[in-house]
Structures are given as structure tokens and as C-alpha cells.
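Everything below concerns the one structure shown next.
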Amino acid sequence: MLVLFETAAGYAIFKVLDESKLQEVDSLWKEFETPEKANKVVKLKHFEKFQDTTEALAAATAMTEGKMGKSLKKVLKKVVAKEAHEQLAISDAKLGGVIKEKLNLSCVHSPAVAELMRGIRTQMESLITGLPPREISAMSLGLAHSLSRYKLKFSPDKVDTMIVQAISLLDDLDKELNNYIMRCREWYGWHFPEVGKIITDNLAYCKSVRKIGARTNVATTDLSEHLPEEVEAEVKLAAEISMGTEVSEEDIGNIMHLCDQVIEITEYRTQLYDYLKNRMMAIAPNLTVMVGELVGARLISHAGSLLNLAKHPASTVQILGAEKALFRALKTRRDTPKYGLIYHASLVGQTSAKNKGKISRMLAAKASLAIRYDALGEDTNAEMGVENRAKLEARLRHLEEKGVSSSLSLCQAVMMMTNVNSPETT
């Protein structure tokens, strides 16, 4: 029996000297406790060293994908084909099928072979002569780095990792902003409670508080940069008759620092949203046109990647995000949900309650086509998304007009029945 053993430095072909040892799988490891024992079990027959890192990377990539690379084919033809009657022990059953198909060699993969490979790996330095341990270590590290860079660069799943991270961060920022703003309004409300009802916009509120400071400074502070003229006048009037309590300079300083945090986070959120919008238009333009960048990013994040989302049927895309409601409905034998994350799309939002289910189903069908086009297609334009969205908008108008006309017909019928039954007509 021959053994194909892959290393970072090249391919090694070993000859098994005593095949009877493979019968005792549980005690096979004892035969590799020392280099002397290992040399009695296997012997190096041929070692094919890689020329450079590029060849090593190509071989490792082919091996991970279960394919036979050029260098491996060359080794097998040179060494193993001469002893075609011998079985070839390999570590990957899928690769064994490819070798058997291409070269008609008998391949073996079993627990005994896996244990044999483990033993060879423990005594690799003594079994493969001519390779210093330091050189093997350097080659292994270099190949590991190259393989990681290759997978990160060319994996179709990794290109949308930025979208998943960005939408998750956007949701986290929204939660933090809500907490900070609530705390800021409550804190400053002890000193100037009336301004909270006058200024409803959170960013304008924080900027105004940052500029005002203590309530006594309102009369001399110009707020026209942040507030309309009538609102500014209302704030100044409220400051004169405010029921708020007095606070120290240290308290005001901490409140202003909190306002700085809110303003800074809000500005970063705006920048992050623009980044997400650009990334979505670059990676999934058709999906973005159909449902919007936020809903599209949440769908990708929920599925894990754009490729995973492309594998889902339209019915799954429609209720993605409403899994709890779906299983609860199935358990209690009630109506299943009609929409999940897709509910927040503008097309569903502008529809009447009666037609939301129909539109969400049609939108999910078209969106699933757009997702597959974005994930698997070669073009990067949004023409298909624009065309399908126009069709959906036309269908939506038709449904709304149909609903209005049926309502008018019903009203006319009711009026006619009323006229017929009235005392004047009798």
C-alpha cells in the first residue's frame, strides 16, 4: 500500500512496510511513538517539493475543494501509476473519487488510514529527510497566510460581510442614541422642563442645550442657527416663566458633555448610513431598488450572506424576520404572518391594509429574483430592479383603484336601496 501525504512543502508518497499494523487501529499510534518505530511502519518513496508559494497555494486550494491539481496529477503519474496494483491511502474520500475517475487508481480512506496519517504527521521531520524543521514551519506559516488571504479575497460570501456589520452597528447606534437622548431630556428637564415640549427634534434639542447652557443665558443666546424664528421666540418666552430648579455649573457641564456625545454619534450615524447605501448599491443594486437599502441590508444580515439569501424561495423571503410569529401560528393553528422584514419596504408601507398581504407576496417574488440576479449574475446594473418596481407600482395602482371603485359601487347600491325603502318613494 502507498500513502499520499500532503505537506506545506510538497507531496510525499510513502510505502507501508507492514500492512498488518493497520488492522489494529486503536494501538496504531504506539508504532509512531519514536522515529525508529515509525521507520519500521512506513518508508518515504518519493517527495515532490513545491517550486514556490504560488504552486503551494494552487495545490492547497485544489485540495480543499476536492479537486486534483496539476502538481498532484504529475506526482501520481510519475510514481503511483508505475505500481497500479498497489492501493493508495488518502485523507479525503472526495479526492479519492476524482483520482479513481481520472487515473483509474484504487484509493482507500478509512479510520485506519486517518490514524496512519496522524502518525506520519507526528514523525514528519524524521520520515521526510532533507527538510529542516525551521523550513517546514516557515512554509506552513506562509501557506496558511496565503490561503487565508485567497479565501477572504475570492469567497463570494465575504464581500457582503461589511453590509452585515454596518446594519448591525446602525441598529446598535439607534438604540444608544435613544437612551442618550432620553437621559439628556430627563436630566436637563429638571432645570428647564418647558424646552423639551417646544423642541421636538432630538438633534436640534441637543445643539440648542449645548449652546444655551444654563437657563439664564437664553435671553442673550442666538439660536437661529438651530431653530426657526418662532420656535426660538417661544423658547425665550418659556425661559422667563420656567418652573425648573436651579442646578450647579458642574451639572450643566455634564449635561453639555452628554449633548456632545449625542451630536457626535448622530453625525457618525449619518456617515455610516451613507456608507451602507453606497455598499448596497455596489453589491445588491436590484434588491436596493426593490425594497430600499435598510430593508435589503437587514434581509442579508438575517440570512447571513447574499448567497444564503439567494437560496431562499420567495415565500421564505416574504416572512423572513417573523419566524416566531410563524411557529406560534403553526402551533396554535391560526393564520400565519403575511410579512416579516419586508413590511418596512416603501411599497408595502404605502399600500392600504387590505392589500398589504398581496403586495408583500408580489414584492417578495420580485425581490427574490433581484437577489439571485445580484448574487449570481455578472452584470452590476439595476435595470431589472427598476423594471420590476415599475410593474409592482402599476399593479399597486390597479389594486387601489379597484378598491376605490368597488367602494363607490357599494355606496351607490346602499343609496339606491335607501331610496327604494324610503316613505317618499312609496
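The values are calculated or read from the model by the stated rules, or taken from the named source; none is laboratory data. Quantities reported herein were computed from a predicted structural model and do not represent experimental measurements. Because the Cβ atoms are built from the backbone with ideal geometry, glycine has one as well, and the counts that use them run over all protein chains shown. Ligands, DNA and RNA are excluded from the accessible area calculation, which covers all protein heavy atoms including side chains. Shrake-Rupley method; radii C 1.70, N 1.55, O 1.52, S 1.80 Å.
If a residue must be touching a residue at least 12 places away in the same chain (Cβ under 8 Å) and either open to solvent by 90 Å² or more (accessible area, probe 1.4 Å) or assigned to a helix (DSSP H, G or I) (or both), how many such residues does the stretch 324-356 contain? Spell out how you get there, then give the answer.
In the first step, residues of the stretch 324-356 are kept if they are touching a residue at least 12 places away in the same chain (Cβ under 8 Å); the result is 325, 336-348, 350-352, 354-356.
Narrowing further to those that are either open to solvent by 90 Å² or more (accessible area, probe 1.4 Å) or assigned to a helix (DSSP H, G or I) (or both): 325, 338, 341-344, 346-348, 350, 354-356.
Residues meeting the conditions: 13.
Could you tell me whether S106 is open to solvent by less than 80 Å² (accessible area, probe 1.4 Å) and touching a Pro at 6+ places or on another chain (Cβ under 7 Å)? Even if it seems obvious, please write down each step before you answer.
Numbers: open to solvent by less than 80 Å² (accessible area, probe 1.4 Å): yes; touching a Pro at 6+ places or on another chain (Cβ under 7 Å): no.
Considered against the rule, which asks whether it is open to solvent by less than 80 Å² (accessible area, probe 1.4 Å) and touching a Pro at 6+ places or on another chain (Cβ under 7 Å), S106 comes out as no.
Quick check: anything in the stretch 276-297 more than 20 Å from N381 (Cβ to Cβ) and either modelled with pLDDT under 90 or not aliphatic (A, V, I, L, M) (or both)?
No: zero hits.
When residues of the stretch 24-63 are filtered for being free of Cβ contacts under 8 Å to residues at least 12 places away in the same chain and either surrounded by 18 or more Cβ atoms within 10 Å (Cβ to Cβ) or farther than 13 Å from T122 by Cβ (or both), how many remain?
The number of residues fulfilling the criteria is 8.
Taking the residues in the stretch 64-88 that are assigned to a helix (DSSP H, G or I) and among the β-branched types (V, I, T) as candidates, determine which candidate is surrounded by the fewest Cβ atoms within 10 Å (Cβ to Cβ). Before you say what the answer is, go through the steps one by one.
Our first condition is that a residue be assigned to a helix (DSSP H, G or I); within the stretch 64-88, this holds for 64, 70-78, 80-83.
From the residues that got through so far, the ones that are among the β-branched types (V, I, T) too are 64, 75, 80.
Numbers: T64: 12, V75: 21, V80: 20.
By that ranking, first place goes to T64.
Here are the criteria: (1) of a type outside the set (D, E, K, R); (2) over 25 Å from the mean Cα position of the chain (by Cα); (3) modelled with pLDDT of 80 or more. Tell me which single one L131 does not satisfy.
Among (1) of a type outside the set (D, E, K, R); (2) over 25 Å from the mean Cα position of the chain (by Cα); (3) modelled with pLDDT of 80 or more, L131 violates only (3).
Return yes when L152 is open to solvent by 100 Å² or more (accessible area, probe 1.4 Å) and either assigned to a strand (DSSP E or B) or at pLDDT below 80 (or both) and no when it is not. Working first, answer last.
Values: open to solvent by 100 Å² or more (accessible area, probe 1.4 Å): yes; either assigned to a strand (DSSP E or B) or at pLDDT below 80 (or both): yes.
Spelling it out, L152 is indeed open to solvent by 100 Å² or more (accessible area, probe 1.4 Å) and either assigned to a strand (DSSP E or B) or at pLDDT below 80 (or both).
Just checking, which of A413, A370, A375 is closer than 27 Å to I167 by Cα, at pLDDT below 90, among the small types (G, A, S) and in a helix (DSSP H, G or I)?
Details: A413 fails: closer than 27 Å to I167 by Cα; A370 fails: at pLDDT below 90.
On inspection, the qualifying residue turns out to be A375.
If A303 satisfies every condition in (1) without any contact (Cβ under 8 Å) to a residue 24 or more places away in the chain; (2) at negative phi; (3) surrounded by fewer than 20 Cβ atoms within 10 Å (Cβ to Cβ) but one, which is the exception?
Going through the list (1) without any contact (Cβ under 8 Å) to a residue 24 or more places away in the chain; (2) at negative phi; (3) surrounded by fewer than 20 Cβ atoms within 10 Å (Cβ to Cβ), A303 breaks only (3).
Per-residue answers, yes or no, for (1) in contact with an Asp or Glu (Cβ under 8 Å, 6 or more places away or on another chain); (2) surrounded by 13 or more Cβ atoms within 10 Å (Cβ to Cβ); (3) farther than 22 Å from K74 by Cβ:
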position	(1), (2), (3)
I90	no, yes, no
L95	no, yes, no
K102	no, no, no
S110	no, no, yes
R118	no, yes, yes
T122	no, yes, yes
T129	no, no, no
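Exactly one of these conditions fails for A166: (1) small (G, A, S); (2) open to solvent by 10 Å² or more (accessible area, probe 1.4 Å); (3) over 13 Å from V235 (Cβ atoms); (4) modelled with pLDDT of 90 or more. Give me its number.
(2)
Among what's in the stretch 182-226 and is over 24 Å from E267 (Cβ atoms) and not in a helix (DSSP H, G or I), pick the residue that is most open to solvent (accessible area, probe 1.4 Å).
So, considering only residues that are over 24 Å from E267 (Cβ atoms) and not in a helix (DSSP H, G or I), the one most open to solvent (accessible area, probe 1.4 Å) is W190.
I need a count of the residues in the stretch 226-244 that are within 11 Å of S208 (Cβ to Cβ) and without any contact (Cβ under 8 Å) to a residue 12 or more places away in the chain.
1
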